[in-house]
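Here the structure comes first, spelled out in structure tokens, and everything after it is commentary.
The values are calculated or read from the model by the stated rules, or taken from the named source; none is laboratory data. What you are looking at is a predicted structure, and each value in this text was computed from that prediction instead of being measured. Cβ coordinates were reconstructed from backbone atoms using ideal geometry, including for glycine residues, and neighbour counts include every protein chain displayed.
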Amino acid sequence: MTKRPLCFLCFLMVLGLGIMNFAGIPLLGGNPLPVTVQDWIEAHPGSVICGEVEQYENTEFSQSVYLKKTYLIHQSKKFPIENVRIFLKKEEDLKPGMRILVKGTLKRVEGPANPGGFDSQHFYACRHIYYFMKNAVLQKKTAVYSGYRQLLLEIKESCRQILKEAAGKDAPVFCAMTLGDKQELDPETQMRYQLAGIIHILAISGLHISILGMGLYNLLKKMGLGIWPAGIFSLGVMLQYGIMTGGSVSTMRAVTMFLIAMGARITGRIYDMMSALSVTAMMILVESPAYLLDSGFLLSFGCVLGMGLAAEKICALAGAEKKWIKALVSPIALQLVTLPVMLKFFGEVSIAGFILNLLVLPSVGVVLTGGMAALLLGILSIPAAKLVILPARVLLLFYEYLCSLAGRSGWSTWIGGEPEIWQILVYYGFLIIVLFMGQYIKEPMRREQEAGMKSELSSRDKRIPGKIQRKLRTVRAAAGALMITGILILGFHPAGDLKVTCLDVGQGDGILVETPDNHHFLIDGGSSSQSDLGRYCLLPALKSQGISYLDGLFISHTDKDHISGAKELLEYMGNGLTTIRAGYLVLPSWAEKPEAWEELSDAAQKAGIKIVTGKKGDELHCGLVSFSILWPEKNATGKDVNEEAMVMELSFGEFQMLFTGDIGADTEKKLLASGILKDVDCLKVGHHGSRYSTTEAFLEKIKPELAIISCSSTNTYGHPSPETVERLEAAGSQVEYTMKNGAITVETDGKKLKIYRFRRD
């Protein structure tokens, strides 16, 4: 550190920001508007803002525009609001640099509502965006705009069109790799690459910048240009390239480090990667301290840190001396450094990636070069572009094959769950000790090299006294034991009480049950207001809890708002897009099975999941927890899926919870008449709080201490009904809402009841 003052300064900065965050001083910039103005925005749906167009993109449903230097017009006053993302109702002819006046619904960017959910609030706060404007209508625009920025956008669009013509169906992958544009990238492709642990090749990173930047610099040198003109031209091109490709944190890091490296080469100075990394980190954190807790920032810098600081020491511990052996071992160092970050933000780590990256990384340069060559040749001739990109497309087929192999295996990822802070600190403590051990082994090897001993490691070991050999073996064994212990601690999840989590799925139901003896069940999983529920809600929730196996998946009935995400989950299992597996799919026993019932059954069979039908009187015992099916009756037809939905009671010790699907008053009367209802501690309110459910007589019988309502705040059905809420409160129930507080978790030891609300803002 004494030889690297910039590294020490960066360390102090990161440490200071970390202490501030743990002390309760948030790294987020906070809402830039006064409280009175915030209250006014909440009370008035229509707001008027004015800002400068930074960039825009056309989505399937609207035109998305990013504004900077924005202010809110309120009562003839202007309030700075920093950056805003707006969604225009119709496509407008906009250009970067234009100032526009728009009116629409201004809403604060919300944080995650479920475990493992993407933190939009933090992501956008890093970019100084605190508000979205929905249903925006353009009022005015200036004629003045930035010709330079518009030119970059037009160049990017032209490049996108060339790749579409030259690469055909592979164009979205090439657009992602060369232009940083993932708009048209198939979600299934992204999931396959992520599962295989090679998703990083689809993002602009240091690998891409070094290949393109140094390739351009060397080409110019071979053409006869000197160091200064070749270097300055390369610097300028890569800077514009970084701006054009969107300026993600990984791109910013890579471009800045390239600029420093090229500057050192031009001026004849020594380039120190760790010092360059420190300068880059400080520049980004000064602009936005919130990046310190951003997954992209941590992974991008963590990989470089692993390569520059940990790789040599891990290689020394592994006894790797030859270049090809080092090439095999070095990626392990990167994985070890970033392991807690991957688990913290994604709940899983690709095991297949350790192997597949060894096959993929050496050839990525060919794919990237092929894409860039196609862009250049495509200006003159599309047929020539098709020809030059052909080897790259063949390699993409090879990548897809590798991804398919990873998907078909059940071991391609480790779902370790989201670790606690203490687990992360303990792990990094062990890793630091291991790196010191690596340095201890590295020093005698370095001294031997300086003495001119160039024999193989096995030969060297023979020259080293037996006492020293034993000491080295002991150090290596201890380092291995420490690292294994650290990983086990990182993935440790102690057995606890029964947890029932009602996920915030919008207008729908999705309930996760975790038993004390490590069994897991999912009751429903659907939404009529959120798309891709399986990918963006159910999978992240399961991964964040370290759940790789569902003992059972219960479906109360086959309406979309109860099965859409569950069906996606089954399809992901069957298509090898997740390593999560399930034992049983429990469907209601109906004589006439609707199409949705059959589709669920087919998806489960493809995934190798056993199909079970549930009816009144059936029971499932799983350790200390049991499920009793109270409805439908044995002769149920399935014509009315709501009234013949599967009703279940969960029992654990003295705790009972009732799940009622979407049954209405008619079925409630039948259940009352059957005499099988009893007092329960918790009620999952039927039909999202509809006024046609949860009758007074029903509540009088079950007397729930806690009632949970799952619905969307923007639903058009009037859920939850004020009448239903009044009946619940009159019955003495504490009412909780997913639409207000996100996921609601009920935790119990069989006697006492605890309630946790995921969203606290």
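Is it true that some residue in region 391-414 is modelled with pLDDT under 95, in contact with a His (Cβ under 9 Å, 6 or more places away or on another chain) and surrounded by 15 or more Cβ atoms within 10 Å (Cβ to Cβ)? Among the residues of region 391-414, not one is modelled with pLDDT under 95, in contact with a His (Cβ under 9 Å, 6 or more places away or on another chain) and surrounded by 15 or more Cβ atoms within 10 Å (Cβ to Cβ), which makes the answer no.
The set of residues from region 706-730 being surrounded by fewer than 22 Cβ atoms within 10 Å (Cβ to Cβ), small (Gly, Ala, Ser) and under 31 Å from the mean Cα position of the chain (by Cα) comprises 712, 713. Scanning region 296-332 for residues that are buried (at least 18 other Cβ atoms within 10 Å of the Cβ), part of a helix (DSSP H, G or I) and of a type in the set (Gly, Ala, Ser) returns 296, 300, 302, 306, 310, 311, 316, 318, 330. Look through region 175-188, keep the residues that are touching a residue at least 60 places away in the same chain (Cβ under 8 Å) and assigned to a helix (DSSP H, G or I), and return whichever of them is nearest to residue 409 (Cα to Cα). Of everything passing the filter in region 175-188, 188 is nearest to residue 409 (Cα to Cα). Residues that are of a type in the set (S, T, N, Q) number at least 3 in the following strands (runs of 3 or more DSSP E) confined to region 1-116: 46-58, 63-74.
Entry remark, region 174-196: residues being touching a strand residue (DSSP E or B) at 6+ places or on another chain (Cβ under 7 Å), over 20 Å from residue 63 (Cα atoms) and modelled with pLDDT under 90 number 0 in total.
Under the condition of being out of contact with any Lys or Arg (no Cβ under 9 Å at 6 or more places or on another chain), of a type outside the set (A, V, I, L, M) and modelled with pLDDT of 90 or more, which residue from region 493-504 is surrounded by the most Cβ atoms within 10 Å (Cβ to Cβ)? Once the filter is applied, the top-ranked residue is 501. Checking each residue in region 617-642 for being over 22 Å from residue 499 (Cα atoms) and either aromatic (Phe, Trp, Tyr) or in contact (Cβ under 8 Å) with a residue 60 or more places away in the chain (or both) picks out 631, 641, 642. The sole residue among 658, 624, 620 that is closer than 27 Å to residue 756 by Cβ, under 33 Å from the mean Cα position of the chain (by Cα) and either assigned by TED's automatic domain parsing to the domain that holds residue 576 or not small (Gly, Ala, Ser) (or both) is 658. Looking across region 642-668, the residues that are surrounded by fewer than 21 Cβ atoms within 10 Å (Cβ to Cβ) and either assigned to a strand (DSSP E or B) or of a type in the set (A, V, I, L, M, F, W, C) (or both) come down to 649, 651, 656, 665. Here residue 114 meets the list (1) of a type outside the set (Gly, Ala, Ser); (2) farther than 30 Å from residue 373 by Cα; (3) surrounded by fewer than 22 Cβ atoms within 10 Å (Cβ to Cβ); (4) within 30 Å of the chain's Cα centre (by Cα) almost entirely, failing just condition (3).
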